[in-house]
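J.: Have a look at this one.
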Amino acid sequence: MGIPVLVSRLDKLEEQVFHHVFELNPRQAVMLGLHDYDGLLPDVSSDRLKGWADKAIGLLERIKDEFHELDKEGRQDAQSMETMLERMLFEIQDLRAYSTRPTIHALQLSATPYISREYAPVDARIGAVNKHLRKVPEFLDQASANLDPTLADPIVEVAIKQIQGVIRDLDGDAAREAAKANVAIREEFERSKGEAVLAMVDFIEALHEEHKTSMDFALGRERFQKLLWVNDRIRQPVEEMLELALRDLEANAKALREVTERIRPGATVSTILEEIQQDHPTAKLLLDDAAEGLHDLEGWLRERELVRIPAGTRVRVVPTPSHMRATTTAAMSSPGPFEKEGVEGLYYVTPPEDGWDAKRTEEWLRHLNRVTLKEIAIHEVWPGHYTHRVFQKEFGTSMTRKAYWNYAFGEGWAHYCEEMMLDEGYGVERLRFIQLKEALLRDCRFIVSFKMHTQGMTLDEARRFIMKNALMEAGPAEREALRGTFDHSYYGYTLGKLFIKKARERFFHAHPDEPIRTFHDKLLSLGGAPVGHLESLII
């Protein structure tokens with residue numbers, strides 16, 4: 001009779017761990033569908049951050065105390081909870097992110113979770129927005145008090161773009177949604193928005209005027225090595241892991257040359273790419289073209305039963321919220337696992353900005369050509385992120401398996417799907433061409449992340465490396481390089497894919513007669529386990 005008691009103890013501990021995580025990131029809880037956290041912003045004062053870290057260390061000790069008496073599933077959940085807490089402690093203690101990275105504050109400011117899906121009546125949702133906005137001035141005062149006198153220029157640049165995007169979203173989508181609320185709530189929205197926007201503008205001005213900036217954004221080798229452990233449970237040396245990406249880059253470049261020859265013997269890679277990029281939607285029809293491809297892709301995937309997909313799924317294509325556009329081409333906002341209403345998926349696609357000139361607009365639309373839109377849909381929706389998230393929501397057997405998101409697992413699965421779908425027969429050679437081009441970009445993210453943070457690669461060198469090796473034009477390449485200065489874990493796309501493929505090899509060595517769906521269902525049933533554990537968990 002001991003196991004039920006132990007499972008019960010883990011459930012209670014799990015609840016305490018997630019509540020502690022949500023104290024520092026209530027936005028995450030809201031996006032998971034836990035609306036008791038609506039309207040909250042974290043207390044990021046230095047004393048509170050220290051208290052949070054001390055309690056997290058105590059929770060880690062409790063997890064370790066119970067670990068060896070748990071069954072296999074319980075141990076996996078315990079390992080994921082350890083990783084989640086250690087990653088957040090790394091941000092507070094090793095990165096000093098609340099003092100060095102204004103992006104960590106900017107990411108809490110958006111009201112998008114309350115207005116993007118109708119999980120409750122409009123009065124309740126705009127009421128939550130108003131509560132959120134009232135807390136913004138104090139939150140940004142705490143953020144300002146935390147920040148160091150000298151900050152990394154690329155990270156400041158991204159934070160400013162994110163906050164400017166939040167302001168545009170408040171004046172746009174949030175204002176349109178608030179107009180549907182009752183008079184008192186509408187008036188409160190205007191008052192709270194005015195004060196919050198003023199606080200954001202002051203915060204942006206302070207970033208410009210009260211802080212010196214430098215190009216010193218790198219973690220350094222020691223902290224990056226630790227990042228591999230707290231993110232992914234990987235102990236191999238940084239240099240050994242970097243070799244994986246360099247070899248993958250070489251293999252994908254060779255495969256791209258081979259598919260080019262199959263498309264048209266004697267043609268160059270740049271010629272085929274130019275032809276593909278010329279076939280792009282207009283700015284006006286970009287979202288319609290993206291939506292059109294989803295229906296065909298979903299039908300093909302369900303017919304072949306490559307992974308278990310719940311019934312009743314719905315996805316709508318919408319413009320990327322402004323606060324995300326500084327670093328996002330496309331993204332998936334899936335319904336949280338605990339959401340009861342407003343459960344459609346929102347597939348974000350970033351349109352050209354209104355203020356762009358014709359040259360920049362054309363460059364962006366070439367990047368989002370029709371073939372690439374198919375590739376992105378596989379990654380973001382079917383069977384990538386959206387499929388993963390609805391699998392967690394429907395079939396997750398614990399809070400951890402429903403709610404925990406591991407970067408390299410999640411992005412690795414979506415990236416793996418791009419290749420797997422083609423291997424299973426979806427698409428034509430030009431889609432394979434773009435799949436390989438996108439794989440080269442993910443290799444470049446891996447390489448420039450490691451090199452910028454451990455080997456002194458500059459932002460401009462990273463941009464030029466991406467342009468050359470991922471066949472990317474200057475604007476999108478600059479955006480990719482900039483992302484690597486603060487999203488240093490974006491090596492996870494390639495890393496996760498490679499570890500998933502290793503786990504698949506081991507699975508089919510042990511179970512050679514199983515269909516591929518069995519492996520995919522088993523993999524996704526892990527929720528978001530650290531990729532360094534996949535091989536041991538998949539059997």
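J.: When the range 246-289 is examined, which residues are found to be surrounded by 13 or more Cβ atoms within 10 Å (Cβ to Cβ), touching a Leu at 6+ places or on another chain (Cβ under 8 Å) and farther than 19 Å from Val349 by Cα?
T.: Asp248, Leu249, Asn252, Ala253, Ala255, Leu256, Val259, Val269, Leu273
J.: Out of (1) surrounded by 18 or more Cβ atoms within 10 Å (Cβ to Cβ); (2) aliphatic (A, V, I, L, M); (3) assigned to a helix (DSSP H, G or I), what's the single condition that is false for Leu151?
T.: Evaluating Leu151 over (1) surrounded by 18 or more Cβ atoms within 10 Å (Cβ to Cβ); (2) aliphatic (A, V, I, L, M); (3) assigned to a helix (DSSP H, G or I) leaves (3) as the failure.
J.: If Asn130 passes every condition in (1) buried (at least 16 other Cβ atoms within 10 Å of the Cβ); (2) under 30 Å from Thr458 (Cα atoms) but one, which one does it miss?
T.: Of (1) buried (at least 16 other Cβ atoms within 10 Å of the Cβ); (2) under 30 Å from Thr458 (Cα atoms), only one is false for Asn130: (2).
J.: Right, here's the next one. Any residue in the range 446-457 that's without any contact (Cβ under 8 Å) to a residue 24 or more places away in the chain and not assigned by TED's automatic domain parsing to the domain that holds Thr494: show its pairings with residues that are of a type in the set (Lys, Arg) and assigned to a loop (DSSP other than H, G, I, E, B) at Cβ separation under 6 Å, as long as the two are six or more apart or on different chains.
T.: From residues that are without any contact (Cβ under 8 Å) to a residue 24 or more places away in the chain and not assigned by TED's automatic domain parsing to the domain that holds Thr494, there are no pairs.
J.: Name the one entry in Leu85, Leu70 that is outside any helix (DSSP H, G or I), in contact with a Leu (Cβ under 9 Å, 6 or more places away or on another chain), of a type outside the set (D, E, K, R) and in the same structural domain as Asp11 (by TED's automatic domain parsing). It would help to see each step written out before you state the result.
T.: Values: Leu85 fails: outside any helix (DSSP H, G or I).
None of the others qualify; the one that does is Leu70.
J.: Could you go through the range 509-518 and let me know if any residue there is within 24 Å of the chain's Cα centre (by Cα) and either surrounded by 15 or more Cβ atoms within 10 Å (Cβ to Cβ) or polar (S, T, N, Q) (or both). Give the steps one after another, and end with the answer.
T.: Residues of the range 509-518 within 24 Å of the chain's Cα centre (by Cα): none.
No, because not a single residue in the range 509-518 is within 24 Å of the chain's Cα centre (by Cα) and either surrounded by 15 or more Cβ atoms within 10 Å (Cβ to Cβ) or polar (S, T, N, Q) (or both).
J.: For Val158, all conditions in the list (1) exposed (fewer than 15 other Cβ atoms within 10 Å of the Cβ); (2) in a helix (DSSP H, G or I) hold save one; what is the number of the exception?
T.: Checking Val158 against (1) exposed (fewer than 15 other Cβ atoms within 10 Å of the Cβ); (2) in a helix (DSSP H, G or I), the one that fails is (1).
J.: Give the number of residues within the range 277-292 that are of a type in the set (Asp, Glu) and outside any helix (DSSP H, G or I).
T.: Applying the first criterion (of a type in the set (Asp, Glu)) to the range 277-292 yields 279, 288-289, 292.
Narrowing the set further to residues that are outside any helix (DSSP H, G or I) leaves 279.
Total satisfying the criteria: 1.
J.: Right, here's the next one. If I ask for residues that are free of Cβ contacts under 8 Å to residues at least 60 places away in the same chain and basic (Lys, Arg), which ones from the range 308-353 would you list?
T.: Hits for the range 308-353 are Arg314, Arg316.
J.: Answer yes or no: is there a residue in the range 100-119 that is touching a Lys or Arg at 6+ places or on another chain (Cβ under 6 Å), at pLDDT 95 or above, in a helix (DSSP H, G or I) and not hydroxyl-bearing (Ser, Thr, Tyr).
T.: Going through the range 100-119, the residues touching a Lys or Arg at 6+ places or on another chain (Cβ under 6 Å) turn out to be 108, 114.
Within this subset, residues satisfying the condition of being at pLDDT 95 or above are 108, 114.
Imposing the further condition that a residue be in a helix (DSSP H, G or I) reduces the set to 114.
Restricting the remaining residues to those that are not hydroxyl-bearing (Ser, Thr, Tyr) gives none.
No: zero hits.
J.: Yes or no: the range 179-186 includes at least one residue that is assigned by TED's automatic domain parsing to the domain that holds Pro26, in contact with an Asp or Glu (Cβ under 7 Å, 6 or more places away or on another chain), under 23 Å from Ser214 (Cα atoms) and touching a residue at least 12 places away in the same chain (Cβ under 8 Å).
T.: First pass over the range 179-186, keeping only residues assigned by TED's automatic domain parsing to the domain that holds Pro26: 179-186.
Checking the rest, the ones that are also in contact with an Asp or Glu (Cβ under 7 Å, 6 or more places away or on another chain) come to 181-182, 185.
Now restrict to residues that are under 23 Å from Ser214 (Cα atoms): none.
Within the range 179-186, none of the residues are assigned by TED's automatic domain parsing to the domain that holds Pro26, in contact with an Asp or Glu (Cβ under 7 Å, 6 or more places away or on another chain), under 23 Å from Ser214 (Cα atoms) and touching a residue at least 12 places away in the same chain (Cβ under 8 Å).
The values are calculated or read from the model by the stated rules, or taken from the named source; none is laboratory data. Note that the structure is a prediction, hence the values are computed from the model and not measured. Glycine gets a Cβ as well: all are built from the backbone with ideal geometry, and neighbour counts include every protein chain shown.
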